[in-house]
Amino acid sequence: MTQTDRPFRSVLYIPGDKARALDKARSLPCDAIIFDLEDAVGPDAKEAARVTLKEELAKGGYGNRFRLVRVNGLDTVWGRQDLTGFREADFDAFLIPKVGSGWDVEAAAELAGDKPLWAMMETPPAFINACEIASHTRMEGLVMGTNDLVKDLGCRPGADRMPLMMALQSCVMAARAARIPAIDGVYNAFKDSEGLRAECEQGRDLGFDGKTLIHPAQLEAANEVFAPSEEELDLARRQIEAFEAAQKEGKGIAVLDGRIVENLHIVTARALLAKAAEIAAMGAT
């Protein structure tokens, strides 16, 4: 499974200093985990969190879940130690906060060993330089930090998140150009299931691969919304069948349900079926 193929429907933040939460994450139905050494850990607990997280990663047991470690920023006293101290640990990629340019990616890459890098996109410079960041040879994923962006912009986003649209869409565009995943920001009101579902649907429709989550109660909605529906899968199968039948007749297009079906639709249909298969395979392990 390549990183662009694997599901990232639900990406759950887990504090790196909470052994109980780290253990519970082994049984949660999330596609990916962000083990957080940054915002979720207070200054006095940074050193202890590093020890705790290393111990839990060494135990394993996280199955096929993609494992990200969000380190502290390189402008802090902890960031460099996080990168050098964890580069031999058993996880999939570092998540670098406050990335603003390709230079920031390069600085992290020099300390991260061979570990792949993901970037938190959470400041105005990050979104302005989204293509530069996404196209770096070590960059393998983008995560939206919408809370920090709202703070820096001084905007007041409503349910439609209209003040953030330019930033969000620029990151989806950059990620698609670089062929890497893009994960939507968190929904803070974790008890508001309707609001969460609506924002997941908006993120899906914008093109995001999944959503970052702050509570296990949010997993079900994200997993459902960012997975292909049965209706979508049925249409995909019928599009492929109709197009293959048209090709046998020497035609370059097909007509299904009164709509034209071209090769580009077949590429999308097959990708949808492949994604459903990957989700099923992950659930079976």
### Message
Can you return the lysines within cross-link range of Lys24? Criterion is Cα-Cα under 24 Å, with same-chain partners fewer than 8 residues away left out.
### Response
Lys46, Lys54, Lys59, Lys191, Lys211
### Message
Relative contact order for segment 10-225: what percent, with Cα pairs under 8 Å and sequence separation of 6 or more?
### Response
17 percent
### Query
Where does the longest stretch of the chain lie that holds no GluC sites (Glu not before Pro) found in a DSSP loop with 13 or fewer other Cβ atoms within 10 Å?
111-248
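Using the Kirkwood radius over Cα pairs, work out the Stokes-Einstein diffusion coefficient for the chain at 4 °C and 1.567 mPa s, in µm²/s as a whole number.
65 µm²/s
Kirkwood hydrodynamic radius for segment 1-54: how many Å is it when counted over pairs of different Cα atoms?
12.0 Å
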### Task
Quick one: order Asp205, Asp17, Asp184, Asp148 by neighbouring beta-carbon count within 10 Å, fewest to most.
Asp205, Asp148, Asp17, Asp184
### Task
Return the loop-located trypsin sites (Lys or Arg not before Pro) in segment 65-121 (DSSP other than H, G, I, E, B) with at most 15 other Cβ atoms within 10 Å of their own Cβ; answer none if there are none.
Arg87
### Summary
Listing Leu37, Leu57, Leu153 by rising number of other beta-carbon atoms within 10 angstrom, fewest first, gives Leu153, Leu57, Leu37
### Query
Out of Leu111, Ala21, Gly141, whose Cα points farthest toward the positive end of the dipole of segment 10-225 (charges: +1 Lys, Arg; -1 Asp, Glu; placed on Cβ)?
Ala21
## Note on the structure
Here segment 133-285 gives, from Cα atoms, an Rg and Dmax in Å of 18.3, 59
### Message
Given 37 °C and 0.692 mPa s, compute D for segment 1-153 with the Stokes-Einstein relation, Rh being the Kirkwood radius over Cα pairs; round to the nearest whole µm²/s.
### Response
211 µm²/s
### Task
Determine how many Å³ per residue the convex hull of the Cα atoms of segment 230-283 encloses.
64 Å³
### Task
Would you list which aspartates and glutamates come within 16 Å of Lys115, measuring only between C-alpha atoms, while excluding same-chain residues fewer than 8 positions from it?
Asp82, Glu88, Asp90, Asp92, Asp104, Glu106, Glu140
## Note on the structure
Contact order relative to length for segment 230-283, counting C-alpha pairs under 8 Å separated by 6 or more residues, stands in percent at 36 percent
#### Entry: D_trans [Stokes-Einstein, Kirkwood Rh over alpha-carbon pairs] for segment 114-159, 37 °C, 0.692 mPa s, µm² s⁻¹
286 µm²/s
### Query
To the nearest Å, what is the center-to-center distance of segment 100-131 and segment 162-226, using C-alpha atoms only?
20 Å
### Value of [θ]222 nm, deg cm²/dmol, for the chain, DSSP H segments ≥ 4, -39500 (n - 2.57) each, nearest 500
-13500 deg cm²/dmol
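Only the coordinates and a few stated rules stand behind these numbers; no lab work does. Note that the structure is a prediction, hence the values are computed from the model and not measured. Here the Cβ is made from the backbone with ideal geometry for all residues, glycine too, and neighbour counts use every protein chain on show.
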